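These notes concern the structure reproduced below.
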Amino acid sequence: TNPLLRGGVPASETVDGFTLSPTKGPANTAGTHTTITPPSPPTSGITFTQVSAGGAHSLAIGSDGNTYAWGFNINGQLGDGTSIGSNVPVRVRTPAGVRFTQVSAGYDHSLAIGDDGHAYSWGQDEYGQLGDGTRDYHPTPVRVTDPAPNTTWKTISAGHSYSLAIDNHGHAYSWGRNQVGQLGNGSYDRYSPYPYLTPARVIDPAPNTTWTAISAGDYHALAIDSDGHAYGWGSSSFGELGDGSSNTQSLTPVRVTDPAPNTTWKSVSAGEWHSLAIDGNGHAYGWGYNNWGQVGNGNTGTNQNTPARVIDPAPGTTWTTISAGHRHSLAIDNQGHAYSWGNNRFGQLGDNSNTDRNTPVPVDDLRRITVTGITLDRSDATPAPAWNTGSHTWDTTAPAHPDGQVTANIHWTLGGQPQPDYPLTYTYTYTHQYTLPKAGSIPIQRLSGGTLLLLTTLTTLTTTAHQLTRRNRHPARHIQPTA
C-alpha cells in the first residue's frame, strides 16, 4: 500500500489507499461509470485534549503532554520565546518539570494552570493582565502571583487585557484592565486602567458563595456558582449580562435571568459583546449583541438582553461544550460534532464559506477526504467526481483512451487542504472491442482465418437456431392409444 500524505509529509501510519471499480472499460469510448472508494481518514500521532481560541492566536494541550500554540505572536503570546508568528503549532516553553493541564488564550496574552497547581501567564502585560506584579511583557510563561500562601488554582480564563481565575477553595479572582468593571471588584478605572497587577477577590453576590466556572470576555465576565446559578459583571452595553439590562454596566456580579423556573447552568462563555451558556438539560442559550447572528436564535440585528434558546440543528440535539468568540460562536453536540454560527467574514465558522449564519451550521470535518478529480493516463475524468451518500464513494465516468493499461491519479484534499496525487499504477485497463463487419462492407479476402472461423461458427449456430425454431413451431403430434 501507499501511505497517504498530508501536506507532503507521510502520515504517521500506513493506511489502505483509494480503490477503483470497475478496473477496466472499453477503449476509445468515454462514459464508463467509475466508482472511487476513499480510505478511512488518517489520524495524527498527536491529538489535542484541550484547545482555546484567543484574539488572533490559539493554544492547545497535546496528547503527548506538551502545550502548543499558533497564530499572531507580536506580544509573545505563543510562549515559544519569540515574537514571530506561526501558522502551524509550535511548542510553548513550559517551566522546567511542569506540564500544563489547562490553557486559555486571551486577546493578546495567555494563561495556563500547571500540574503543580500554580497559574502561569505570558504575552502582553500592558495592563497587568499577566498577574505577576509587573507590566512587562513575557514571551515565555511566568508564575502568576498567589493571593495567599499555598494557593492552587482550578480554573483560569483570559479576556481582553484582563484575567479571571477560581482557586481551590472556589473563590474567584481577577486582575488586569478594569475600565468598565469587568474585574468584578466593585470599582472601575476608566482613566487609570492598570492598577490591578496581581489577583484580587471578585465580590461575592452572597455570603459563602463559591464558584465552579468562570469566563472572561472582552468587556464582561460570566461565572456559575455552586448552586448552578449564572452571574455576569462588567459591560452590558448590548444586554450581554443577561439580566434584562442594556446600555449600562455592573461592577459586581448580577444574576443572569433564568429562561425557565429552576434552571441550572453547566457552562458559560463570554465573547466580545455576547454570551453563551449550556443549561442542565444540555440546551444552549445565547444573549447580547446579535448583529451577525452570533446569539444563534435565528435572528440577526436584534440584540437579546436575556437568554434565548439557540436553535438546534436537529431534533433532540444536546450540547456538551460551547464557546463565544469575538463575533461568532462554536459548540460541540453530544455526538462530538462541531457547529458554528455568527460572523464569518474571515471563514471563522469553518463551513467552507464566508456567509454569516444566525443558526448553527456544521463545521467542516478536518479529517474529511474529498476526491476532487481523477486522471487516467493524461486524460481527466468528467464530470468531476460526485459524492454518493448511500455508498460513501465518489462517482465519475472514465474518459476515452486507446486500449492498454494506464495509471489512475486521484486528486484529493484532506480537511479542505490539497494533498499530493494518489497514484494507482497501471490499475485501469482499456480493452479493445471487436465487432463483426456488416455484410458486404469488407471484402472476403481481407478477413483472417480466425475471422472466417468465427463467421462459420456463427453461421452454424444461426442455422441450428433457425431449425430449432421451426421445429418448435410444428411440434410432433402424439396419437392417443384407443381403449
**OP:** All but one of (1) over 28 Å from residue 155 (Cβ atoms); (2) at pLDDT 90 or above; (3) among the hydroxyl-bearing types (Ser, Thr, Tyr) hold for residue 40, so report the exception by its number.
**Re:** (2)
**OP:** Taking residue 392 as meeting all but one of (1) surrounded by fewer than 12 Cβ atoms within 10 Å (Cβ to Cβ); (2) under 30 Å from residue 308 (Cβ atoms); (3) of a type outside the set (D, E, K, R), write down the number of the exception.
**Re:** (2)
**OP:** Can you run down the residue pairs with Cβ atoms below 8 Å, 6 or more apart or on separate chains, where the first is in region 404-428 and more than 15 Å from residue 385 (Cα to Cα) and the partner is surrounded by fewer than 21 Cβ atoms within 10 Å (Cβ to Cβ) and of a type in the set (Asp, Glu)?
**Re:** 406/377; 407/377; 415/364; 415/365; 416/364
Original post:
Only one residue in 184, 234, 176, 239 is modelled with pLDDT of 95 or more, within 30 Å of the chain's Cα centre (by Cα), buried (at least 24 other Cβ atoms within 10 Å of the Cβ) and of a type outside the set (Val, Ile, Thr). Which one?
Top reply: 239
Subject >> Failed item, numbered, when residue 150 is tested on (1) surrounded by 21 or more Cβ atoms within 10 Å (Cβ to Cβ); (2) part of a loop (DSSP other than H, G, I, E, B) >> reply: (1)
Original post:
Which number in (1) part of a loop (DSSP other than H, G, I, E, B); (2) within 20 Å of the chain's Cα centre (by Cα) marks the one condition that residue 361 misses?
Top reply: (1)
**OP:** Only strands (runs of 3 or more DSSP E) wholly contained in region 205-263 count here; list those with 1 or more residues that are farther than 26 Å from residue 190 by Cβ and of a type in the set (Phe, Trp, Tyr).
**Re:** 211-216
Original post:
How about region 81-127: which of its residues are in a loop (DSSP other than H, G, I, E, B) and on the phi > 0 side of the Ramachandran plot?
Top reply: 81, 97, 117
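Going through 153, 122, 175 one at a time, which residue ends up being in contact (Cβ under 8 Å) with a residue 12 or more places away in the chain, closer than 27 Å to residue 248 by Cβ and of a type in the set (Phe, Trp, Tyr)? Explain how you work it out, then say what you get.
Numbers: 153 fails: closer than 27 Å to residue 248 by Cβ; 122 fails: closer than 27 Å to residue 248 by Cβ.
The conditions single out 175.
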Original post:
On the given criteria, is residue 130 buried (at least 23 other Cβ atoms within 10 Å of the Cβ), in contact (Cβ under 8 Å) with a residue 12 or more places away in the chain and assigned to a loop (DSSP other than H, G, I, E, B)?
Top reply: yes
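Name every residue in region 364-379 that is part of a strand (DSSP E or B) and surrounded by 15 or more Cβ atoms within 10 Å (Cβ to Cβ), in order of residue number. If you could, list the steps in order and put the result at the bottom.
Restricting attention to region 364-379, the residues satisfying the condition of being part of a strand (DSSP E or B) are 369-376, 379.
Passing the criteria: 369, 370, 371, 373, 374, 375, 376.
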**OP:** Starting from residues that are surrounded by 18 or more Cβ atoms within 10 Å (Cβ to Cβ) and hydrophobic (A, V, I, L, M, F, W, C), keep the ones in region 341-360 and report whichever is nearest to residue 24 (Cα to Cα).
**Re:** 349
Original post:
Here are 245, 269: which of them is small (Gly, Ala, Ser) and surrounded by fewer than 24 Cβ atoms within 10 Å (Cβ to Cβ)?
Top reply: 245
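For residues that are assigned to a strand (DSSP E or B) and over 14 Å from residue 363 (Cα atoms), tally how many sit in region 324-352.
Looking only at region 324-352, we keep the residues that are assigned to a strand (DSSP E or B), and these are 324, 328-333, 338-342.
Keeping just the survivors that are over 14 Å from residue 363 (Cα atoms) gives 324.
Of the residues in region 324-352, 1 are assigned to a strand (DSSP E or B) and over 14 Å from residue 363 (Cα atoms).
Yes/no matrix, rows are residues, columns are (1) closer than 30 Å to residue 388 by Cα; (2) touching a residue at least 60 places away in the same chain (Cβ under 8 Å); (3) out of contact with any Leu (no Cβ under 7 Å at 6 or more places or on another chain); (4) surrounded by fewer than 21 Cβ atoms within 10 Å (Cβ to Cβ):
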{"residue": "23", "(1), (2), (3), (4)": "yes, yes, yes, yes"}
{"residue": "34", "(1), (2), (3), (4)": "yes, yes, no, no"}
{"residue": "37", "(1), (2), (3), (4)": "yes, yes, yes, yes"}
{"residue": "59", "(1), (2), (3), (4)": "no, no, yes, no"}
{"residue": "64", "(1), (2), (3), (4)": "no, no, yes, yes"}
{"residue": "85", "(1), (2), (3), (4)": "no, no, yes, yes"}
Subject >> Residues being touching a Ser or Thr at 6+ places or on another chain (Cβ under 9 Å) and either more than 12 Å from residue 80 (Cα to Cα) or among the hydroxyl-bearing types (Ser, Thr, Tyr) (or both) - total across region 121-136 >> reply: 11
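The values are calculated or read from the model by the stated rules, or taken from the named source; none is laboratory data. Please read these numbers as outputs of a predicted model, since none were measured by experiment. Neighbour counts run over all protein chains shown; Cβ positions are idealised from the backbone, glycine included.
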